[in-house]
Amino acid sequence: MDISKQVITTFKTQFGGEPTFLARAPGRVNLIGEHTDYNDGFVLPMAIDRAAWIALHPRDDGRVRVYSLDYEEKAEFSLDGLHKGKGWTEYIKGVANELKVAGLQVKGWDGILGGDVPKGAGLSSSAALELAAARAFAAVSKFDWNSAQMAQIGQKAENRWVGVNCGIMDQMVSAAAQAGHALFLDCRSLEYEHVPLPDGVAVVVMDTSTRRGLVDSAYNERRAQCEAAAKFFGVPALRDVNLEEFNAKSGDLENTVMRRARHIITENQRVLDAVAAMRTGNVQDLGRLFNESHTSLRDDFEVTNEALNQIVAAAQVHPACFGARMTGAGFGGCAVALVDEKQMGGFISTVAENYRQHSGFEAQFYVCLPSEGASIVQLTISD
Ligand code: GLA
């Protein structure tokens, strides 16, 4: 049974009665523009056909009760006097808290939560949960949905409540994506455009099955290095430095910081070039930009691991592959490949075997369809 149906059926057994709304928010894969979001730069992620779902019914007493299908666990909290705790409910509490901080009147609900975004793989299962929760609160509290505002609420929940220092990319694409399209986002202005995916090309997410601890500290270290570089150039963020200025002055930068900055500055340009390639349907150019992005993330930004390098190399040598790169924060998790749709079966089996031989790990493959951002469906009429 698909998860949207499962959350509805479980609602009846857990709470009795029918749920009123079905909220849904997708995970994402980033096509290109890695680690550029917190540098006020450009990104080109795509919402995937895997999501978090909540079947819910409003409550009038300011309480939220949620049952998680994955954890087979029920949690309950009051919207007055929210307290930090541990586990999956923190994302929902964090969103409730930020909605209140934003001055919105927030009401409670009973809900069943389910999802099929793999956790910890770098496909943004947490952003999906945050935006599904925001959709749920918006429905019962009857406030209008504003994608950029809700994405910022989700990001703040993650930064200030959960304690993860992420940028805005994951929440924005989960909030605002359009089916069939990637989201070209300016992370400074939050302006975005929907860019159609070229015909005949499949987006294949390749999970290395490796996870690395200490991702947060390595991520924060990269952020600090980027900030140091921006300070050196005398600008608010690396977004404001072009390649010419970089080349003219970078000789005076400490080597590691210089390479971090070079990645961001060249990656921003690659995003702009990738958008142009997508618009003209030039998949060869798009693939080349993927490959260049991976090299830059491996050598300059140093956020790949051996497994990511191996799976990307295995994909890149396959004749059906236009290009491949690591995706997300890095250090393990997933890579993404652009593959000729007609040759997908052969691509997956060959890359799986090649990767197994080189790394000893079993990869997981997800062929992802570009899907719609967070949505809400009214199932029954309530008063
Ligand atoms: C994580 C963060 C994003 C972004 C990427 C790297 O996914 O949540 O905000 O910084 O890493 O591009």
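The values are calculated or read from the model by the stated rules, or taken from the named source; none is laboratory data. In this text, all values refer to a predicted model and were calculated from it rather than measured experimentally. Here the Cβ is made from the backbone with ideal geometry for all residues, glycine too, and neighbour counts use every protein chain on show. We work out accessible area using only protein heavy atoms, side chains counted, and drop any ligands, DNA or RNA first. Shrake-Rupley method; radii C 1.70, N 1.55, O 1.52, S 1.80 Å.
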Segment 56-83 and segment 117-143 have their Cα centres apart by a whole-number Å value of 14
Rounded to the nearest whole number, the per residue volume of the convex hull around the C-alpha atoms of the chain in Å³ is 139
Under the Karplus relation with 6.51, -1.76 and 1.60 and θ = phi - 60°, whole-Hz ³J(HN,Hα) for segment 47-55, x at Gly and Pro, equal 6, 9, 8, 9, 8, 9, 10, 10, 9
Computed on Cα atoms, the radius of gyration and Dmax of segment 139-213 in angstrom are 15.3, 42
Mean separation of Cα contacts under 8 Å (at least 6 apart) over the residue count of segment 103-165, i.e. the relative contact order in percent, is 33
Length-normalised contact order of the chain, Cα under 8 Å, at least 6 apart, in percent, tallies to 24
Taking protein heavy atoms only, a 1.4 Å probe, and rounding to whole percent, the accessible area of segment 234-372 owed to carbon and sulfur comes out at 49
In whole angstrom, largest first, the equivalent ellipsoid semi-axes that the Cα gyration tensor gives for segment 1-78 are 33, 16, 11
Residue-normalised value, i.e. accessible area per residue, for segment 1-160 at 1.4 Å probe, in Å², stands at 37
Rh_Kirkwood(segment 183-289) over Cα pairs, Å, one decimal, evaluates to 16.2
Residues meeting the amide H criterion for residue 51 (H placed from the backbone, H to H distance under 5 Å, 5 or more places apart or on another chain) are 27, 116, 117
Segment 178-297 accessible area per residue, 1.4 Å probe, protein heavy atoms, integer Å², reads 46
Here segment 185-200 yields Karplus 3J(HN,Hα) values (6.51, -1.76, 1.60; θ = phi - 60°; whole Hz; Gly and Pro given as x) of 10, 8, 6, 8, 8, 6, 6, 9, 9, 8, 10, x, 6, x, 5, x
Phi angles of segment 61-70, converted by Karplus (6.51 cos²θ - 1.76 cosθ + 1.60, θ = phi - 60°) into ³J(HN,Hα) in whole Hz with x for Gly and Pro, give 9, x, 10, 10, 10, 10, 10, 9, 5, 5
Ordered by number, the GluC sites (Glu not before Pro) in segment 297-383 that occupy a DSSP loop and have at most 11 other Cβ atoms within 10 Å are 362
Length gained, residue 73-residue 227, 0.36 nm per residue minus C-alpha separation, equals 51.3 nm
In degrees, nearest 10, the alpha-carbon axis of helix 255-279 is tilted away from the dominant principal axis of the alpha carbons of the chain by 70
Quick shape check on segment 141-182: root eigenvalues a ≥ b ≥ c of the Cα gyration tensor, a/c under 1.5 is rounded, otherwise prolate if a/b tops b/c, else oblate, and it reads oblate
Nearest 10, in degrees from 0 to 90: the angle of helix 283-299 to the longest Cα principal axis of the chain is 90
In debye to the nearest 20, the charge dipole size for segment 236-383, taken about the Cα centre with +1 at each Lys and Arg Cβ and -1 at each Asp and Glu Cβ, equals 200
CD proxy, 222 nm, the chain: helix-only mean residue ellipticity via -39,500 (n - 2.57) per DSSP H run with n ≥ 4, per residue, nearest 500, stands at -13000 deg cm²/dmol
Longest the chain segment clear of trypsin sites (Lys or Arg not before Pro) sitting in DSSP loops (not H, G, I, E or B) with at most 11 other Cβ atoms within 10 Å runs 143-383
